[in-house]
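The block underneath contains the structure these notes are about, expressed in structure tokens.
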């Protein structure tokens with residue numbers, strides 16, 4: 001049942017703006033890749049584009065937690081890359097997602113979409129060192145069975 005709800009939310013998201021948002025993130029990634037200097041950020045923008053197209057059922061996690069070890073993007077270099085990203089464009093991309101989220105929250109029915117736009121804003125502020133993974137449903141807990149005699 002939860003997967004059906006996620007599917008419906010993803011379809012509604014895609015039709016009501018997720019397609020455009022994802023395309024804009026892809027365009028940004030392609031432009032970053034063309035500059036050569038922007039290649040490290042292009043990978044992050046491609047990852048965010050996938051999230052922007054189909055966000056429900058996915059979560060944002062620090063890459064160090066997902067992989068179990070530190071890499072270039074999760075250490076001091078990743079921190080510096082996030083500062084550069086923030087100063088050169090991340091802040092206004094995040095601001096645009098926040099401004100889109102406000103009317104979604106006001107509309108009540110758009111609250112789930114508002115939360116996803118806020119997650120996109122979070123990604124837009126500091127995309128290096130995080131990854132996006134599918135949400136895994138919790139394992140079913142064993143039910144207590146009556147003792148057998």
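Read-outs: derived from the displayed coordinates by stated rules, not from any lab. For clarity, every value in this text was computed on a predicted model and none was experimentally measured. Cβ: placed from backbone, ideal geometry, glycine included. Neighbour counts: every protein chain shown.
What does the highest-first list of 123-129, 26-32 look like by mean Cβ count within 10 Å?
On the way: 123-129: 21.3, 26-32: 16.9.
Per-residue Cβ counts within 10 Å, averaged per peptide and sorted highest first, yield 123-129, 26-32.
Note on Cα extents along the principal axes in Å: of the candidates (1) 76, 35, 33; (2) 49, 42, 23; (3) 73, 41, 23, the value calculated from this structure sits at (3).
Projecting label points 7 angstrom from Cα along Cα→Cβ for residue 99 and residue 66 puts them 2.9 nm apart. In the chain, the longest principal axis of the Cα atoms and the axis of helix 91-106 are about 40 degrees apart.
Kirkwood Rh over alpha-carbon pairs of region 39-119, then Stokes-Einstein at 25 °C and 0.890 mPa s: what D in µm² s⁻¹, rounded to an integer?
On the way: Rh = 14.3 Å.
Rounded, D is 172 µm²/s.
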